[in-house]
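The structure appears below as structure tokens.
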Amino acid sequence: MDAEFWVAVAAVLISVVALIRGEILQRRGGPEAARRRAVENAAEALGAVVALIEHADTKMPSSSEISAVMQNFERECLRLEPMLPTGARHVRVSVRQAMAHFFGPPACGAIDPTAGEKPAHPFDRYWWDIGTTYLDHARNCLGAWLVDDRRNRQMRLLPYYL
């Protein structure tokens, strides 16, 4: 057995190791990419909710508008919930709680279809401030998770009741 044979054997072994390593890395990247897309879509759906409450201090949206935005948000979150990072799986319920404290029944249109026909609560600066603060917190946590490095992938989104 000469040196050419051992070089060929080493080349085959290196190729096999590289192939296996590439397959492992590709399989690990699949769930990560799905979680990333889920967080991006949840953040986008949350943007519509933020836009709804953001200017409610100057012009209160209608009950039907509140109900439509919340139903869309809840539908999107229900679709994405299994793929969201563990610390963010409560975002649908927490956002609904924040919006229900401020807007009242129309924010629960995904749970009760008749809630969209009920009148919204009158503007209350206290609940508006708490709701906008929580939505900013949620949006910031989702955004920070997207740009964070792989070593620190824990989601730190607090539930609304905290």
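The values are calculated or read from the model by the stated rules, or taken from the named source; none is laboratory data. Owing to the predicted nature of the structure, the values given are computational and were not obtained by experimental measurement. Don't worry about glycine lacking a Cβ; one is built from the backbone with ideal geometry, like all the others, and counts go over all protein chains shown. All accessible areas refer to the heavy atoms of the entire protein, side chains included, with ligands and DNA or RNA removed. Shrake-Rupley method; radii C 1.70, N 1.55, O 1.52, S 1.80 Å.
So for the range 124-135 (the condition being part of a helix (DSSP H, G or I), under 13 Å from Leu52 (Cα atoms) and polar (S, T, N, Q)), does at least one residue qualify?
Narrowing the range 124-135 to residues part of a helix (DSSP H, G or I): 125-135.
Filter again for under 13 Å from Leu52 (Cα atoms), leaving 128, 131-132, 135.
Of the ones still in play, those that are also polar (S, T, N, Q) are 132.
Yes, the range 124-135 contains a residue that is part of a helix (DSSP H, G or I), under 13 Å from Leu52 (Cα atoms) and polar (S, T, N, Q).
Take the residues of the range 119-144 that are over 23 Å from the mean Cα position of the chain (by Cα) and open to solvent by 90 Å² or more (accessible area, probe 1.4 Å): which is farthest from His101 (Cα to Cα)?
Pro119
Return the residues of the range 60-80 that are in contact (Cβ under 8 Å) with a residue 24 or more places away in the chain, in a helix (DSSP H, G or I) and surrounded by 14 or more Cβ atoms within 10 Å (Cβ to Cβ); say none if nothing qualifies.
Within the range 60-80, Ser63, Ile66, Ser67, Ala68, Met70, Gln71, Asn72, Phe73, Glu74, Glu76, Cys77, Leu80 meet the criteria.
Can you tell me which residue within the range 101-110, out of those that are surrounded by fewer than 20 Cβ atoms within 10 Å (Cβ to Cβ) and closer than 24 Å to Cys141 by Cβ, is modelled with the lowest pLDDT? Quick ask: steps written out before the conclusion?
The initial filter retains those residues of the range 101-110 that are surrounded by fewer than 20 Cβ atoms within 10 Å (Cβ to Cβ), namely 101, 104, 110.
Narrowing the set further to residues that are closer than 24 Å to Cys141 by Cβ leaves 101, 110.
Details: His101: 90, Ala110: 77.
Among those residues, the one meeting the criterion is Ala110.
Which of the following residues is surrounded by fewer than 21 Cβ atoms within 10 Å (Cβ to Cβ) and in contact (Cβ under 8 Å) with a residue 24 or more places away in the chain: Ala98, Ala88, Ala51, Ala56? Don't jump to the end; show me each part of the working.
Details: Ala98 fails: surrounded by fewer than 21 Cβ atoms within 10 Å (Cβ to Cβ); Ala88 fails: surrounded by fewer than 21 Cβ atoms within 10 Å (Cβ to Cβ); Ala51 fails: in contact (Cβ under 8 Å) with a residue 24 or more places away in the chain.
The unique qualifying residue is Ala56.
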